[in-house]
Amino acid sequence: MKFMTERIAREGRALNEDVLLVDSFLNHQVDMELMRQCGDAFAEHFRGKGITRVLTVESSGIAPAGMAALALGVPLVFLKKKTSRITAGDVYQTPVQSFTKGTRYELTVASRYLPAGEKVLFIDDFLAMGEAALGVARLVKEAGSAIAGIGIVIEKSFQPGRKKLEAAGFDVFSLARVKAMREGAIEFVEE
Ligand code: 5GP
């Protein structure tokens, strides 16, 4: 989508060949008008798939996923990366390798917010190795629900996430697809 690639081209900063920083509109300061556009684009793509719930992972997925949930008129649930006494109790949990931190965390959701029989749209800010999305998919399956689609704000197409998700049978829709990056230069997959 032009609105997203233009914004990344203008404000994104490749930290190195693997990590893209978009702190001015997505990962720290959040441009809510842009998030509205993201939500509308996701809703337009996935409308007709019978989505009943939008899931994301804290924290940077919440803004775009929230706008998609609003546009689709369904609940938003974010999965937690850290557990606390508040999340203790009846939960679904699975280990996930963090791409940016290089550590593992327990992706956690209270079972009451992930009932059986739901058609889930998973939305995230970035797609790299696909670990977060595959973790969410494991929990959704365990809960007796199904992933009806995966929406990504920024896909790094030179990393294996999309291939892994497609091989697992998921419909992946990304608003921007980065083909390659190096310090000072970001290239996109042609739309
Ligand atoms: P994956 O699970 O696909 O390997 O990585 C996705 C998660 O890692 C996203 O939720 C995002 O938080 C983080 N991530 C991956 N690559 C980047 C990146 O280039 N920049 C930023 N800011 N976050 C990233």
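Of all DSSP-defined beta bridges confined to region 85-151, some 60% are antiparallel rather than parallel.
Most simply put, region 1-153 has about 45% antiparallel DSSP beta bridges, counting only bridges with both residues inside it. With helices as the sole contributors, the chain gives -8500 deg cm²/dmol at 222 nm; each DSSP H run of n ≥ 4 counts as -39500 (n - 2.57), and the sum is divided by every residue.
Mean sequence separation of contacting Cα pairs (under 8 Å, at least six apart), scaled by the length of the chain, corresponds to a relative contact order of 21 percent. Return one number: the angle in degrees, 0 to 90 and rounded to the nearest 10, between the long axis of the Cα atoms of helix 2-11 and the longest principal axis of the Cα atoms of the chain. Helix 2-11 and the main axis of the chain meet at about 70 degrees. Does region 1-103 classify as rounded, prolate or oblate by the C-alpha gyration tensor (a ≥ b ≥ c root eigenvalues; a/c under 1.5 gives rounded; else a/b over b/c gives prolate, otherwise oblate)? It is oblate, given that a/c is not under 1.5 and a/b is not larger than b/c.
Working out 0.36 nm times the residue gap between ASN16 and GLU191, then minus their Cα-Cα distance, what length gain in nm do you get to one decimal?
60.6 nm
Compared with the dominant Cα axis of the chain, that is its longest principal axis, helix 32-46 is turned about 70°.
On average over all directions, what projected area in square nanometres does the chain have, based on the convex hull of its Cα atoms?
Working: hull surface 40.5 nm².
If I average the Cα hull's projected area over directions, I get 10.1 nm².
Read-outs throughout are calculated quantities, based only on the coordinates presented, and are distinct from any laboratory measurement. For clarity, every value in this text was computed on a predicted model and none was experimentally measured.
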